[in-house]
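Q: Quick one: the structure is below, questions incoming.
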Amino acid sequence: MTTILQIDSSILGASSASRALKADTLARQIELHPAATVIHRDFAAGPAFHLSGQHLAAFQGGTPESTELGNDIAQCAAYVDDLFAADVIVIGGPMYNFTIPTQLKGWIDRVLVAGRTFCYTENGSEGLLPAGKKVYIVSTRGGIYTGDSPAASYDFQKSYLKATLAFIGLTDVSIIRAEGLAISEEVKTSAFASAKAEIQALAD
């Protein structure tokens with residue numbers, strides 16, 4: 001049976017473009033895998049703590065300094081378990097200030113764990129997640145950052161997400177993109193229509 005992990009990170013709630021297109025992507029995946037189990041993590045509604053010196057001390061064997069910190073560390077293990085359980089991962093990853101939301105970065109910092117999701121070897125790093133997992137990143141942007149756009153060099157969203165996922169073994173990554181959403185209603189409507197058509201054409 002297929003397990004789908006869906007991740008939200010937009011702070012815009014019902015107004016979020018990435019949440020809307022992520023929901024469409026999830027719906028398409030459920031059409032393709034009707035018996036799927038779905039895990040949902042919303043890091044805007046329930047963000048992971050950002051890493052701190054207290055976290056590192058606890059990771060090295062110290063006692064967590066508070067119940068809240070202990071609970072957060074325990075939750076970190078659950079985020080990693082999500083990735084091992086998932087066959088399909090759908091990430092809503094909007095662009096904020098040329099990169100990803102801090103809420104999504106908080107999740108990344110909790111799942112890149114040496115000895116669990118990656119390791120270092122004499123030949124470099126090695127991702128430890130099993131092969132065969134499929135990742136869909138729903139990428140939304142207010143401006144245009146692809147092709148020969150003057151702003152193309154400002155795109156640290158796609159490259160960062162693909163690099164961090166590959167680092168832990170997630171290399172089968174597809175980008176579903178809607179950009180130029182803040183330029184005009186006409187551009188926004190066209191971008192949404194294109195993204196939705198791409199979603200409906202997904203075959204796996």
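Q: In terms of Cα to Cα distance under 16 Å, which lysines are near enough to Lys196, apart from those fewer than 8 places away along the same chain?
A: Lys22, Lys188
Q: Calculated from DSSP H runs of 4 or more alone, at -39500 (n - 2.57) each and per residue, what is the 222 nm mean residue ellipticity of the chain, nearest 500? Write out the running numbers ahead of the final one.
A: Values: 6 runs with 79 residues, N = 204.
Value at 222 nm, helices only, nearest 500: -12500 deg cm²/dmol.
Q: Determine the share of the stretch 55-106's accessible area contributed by carbon and sulfur atoms, expressed in whole percent, with a 1.4 angstrom probe.
A: C and S atoms contribute 53 percent here.
Q: Let me ask something else. Could you state the accessible area per residue of the stretch 136-204 in Å², with a 1.4 Å probe and every protein chain left in place?
A: In whole numbers, the stretch 136-204 has 51 Å² accessible per residue.
Q: Using the Cα atoms as the points, what is the convex hull volume per residue of the chain in Å³?
A: On the way: hull volume 28.7 nm³, N = 204.
Roughly 141 Å³ of hull volume per residue.
Q: Expressed in nm to one decimal, what extension gain is obtained for the pair Tyr154 and Ala36 from 0.36 nm per residue of sequence separation less their Cα-Cα distance? Write down the numbers at each step before the final one.
A: On the way: separation 118, 0.36 × 118 = 42.48 nm, distance 3.72 nm.
Separation in residues times 0.36 nm, less the Cα-Cα distance, equals 38.8 nm.
Q: Further question on the same structure: Take the Cα gyration tensor of the stretch 160-204, multiply each eigenvalue by 5, square-root it, and list the three semi-axes largest first, rounded to whole angstrom.
A: Values: eigenvalues 141, 46, 2 Å².
Semi-axes, largest first: 27, 15, 3 Å.
Q: Enter the accessible area per residue of the stretch 9-85 (Å², integer; probe 1.4 Å; all protein chains in place).
A: Values: 4030 Å² over 77 residues.
Per residue, the stretch 9-85 has 52 Å² of solvent-accessible surface.
Q: Next question. Compute the semi-axes of the equivalent ellipsoid of the stretch 89-165, taking the square root of 5 times each eigenvalue of the Cα gyration tensor, and list them largest first in whole Å.
A: That gives 26, 14, 12 Å for the three semi-axes.
Q: What's the carbon and sulfur percent of the stretch 1-51's accessible surface, probe 1.4 angstrom, rounded to a whole number?
A: Carbon and sulfur together cover 59 percent of it.
Q: Continuing with this model, one more query. Using the Cβ atoms and a cut-off under 15 Å, what net charge is assigned to the surroundings of Ala20, where Lys and Arg are +1 and Asp and Glu are -1?
A: +2
Q: Oh, and also: Sorted by average packing, counted as other Cβ atoms within 10 angstrom per residue and highest first, what order do 2-8, 177-183, 80-86, 198-204 take?
A: Highest-to-lowest ranking by the protection proxy: 2-8, 177-183, 80-86, 198-204.
Q: Going Cα to Cα from Lys133, which lysines come in below 17 Å? Please leave out same-chain ones fewer than 8 positions away.
A: Within the straight-line cut-off, Lys133 pairs with Lys162.
The values are calculated or read from the model by the stated rules, or taken from the named source; none is laboratory data. As the structure is a prediction and not an experimental result, all values here were calculated from the model. All Cβ positions, glycine included, derive from the backbone under ideal geometry; neighbour counts span all protein chains shown. Side chains are part of the model used for accessible areas, which takes the heavy atoms of the whole protein and leaves out ligands, DNA and RNA. Shrake-Rupley method; radii C 1.70, N 1.55, O 1.52, S 1.80 Å.
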